[in-house]
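Working notes for the structure below.
Only the coordinates and a few stated rules stand behind these numbers; no lab work does. All values derive from a computational prediction rather than experimental measurement. Glycine gets a Cβ as well: all are built from the backbone with ideal geometry, and neighbour counts include every protein chain shown.
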Amino acid sequence: MSGIIRPDSAVLIEDVYLSDFYQVSTTMAQTSSAGTNKFNDNHYASMTTNQRIKTTTHEFGHALGLDHTTGTYDIMRSGKLSTTSLSSVDKNSYTAAYATY
Ligand SMILES: [Zn+2]
């Protein structure tokens, strides 16, 4: 897997865009393959600080090209969780995604 955040080139600007939205759904946040992170105010309004940190860090992980993992303490585990630091799996996934970079 290759990450999607890259340095700008003469013909391509690789920015990450952030925005919020309000939607009554189970979607807390979403990140497009183009690097747009959107955060659902409907969920953020009732989240703890740690849940917000985890979800925001998780979405930046997607912007870096990382997929979901299953470890209990992984930031890249899906769900409204309170993990606020990167696990060894998260770090290894990042290293693998950028190994050829
Ligand atoms: Zn996710």
Under a plain spin-label model, where a point goes 7 Å from the Cα along Cα-to-Cβ, how far apart in nm are SER32 and LEU12? 1.6 nm
Output ordering of 14-25, 71-82, 53-64 (per-residue mean of other Cβ within 10 Å, highest first) is 53-64, 71-82, 14-25
Of the beta bridges DSSP finds with both residues in the chain, what % are antiparallel, to the nearest 5? 35 percent
Any idea what the alpha-carbon Rg over 2.2 N^0.38 Å comes to for segment 17-97? 1.04
Integer Hz, Karplus 6.51/-1.76/1.60 couplings in order for segment 62-71, x for Gly and Pro: 4, 4, 7, x, 7, 9, 5, 10, 10, x
Residue span SER82 to ASN42: 0.36 nm per residue of separation minus Cα-Cα distance leaves a gain in nm of 12.6 nm
Obtain the nm distance between the two label points defined at ASP20 and HIS68 by a simple spin-label model: each point lies 7 Å from its Cα along the Cα-to-C-beta direction. 2.5 nm
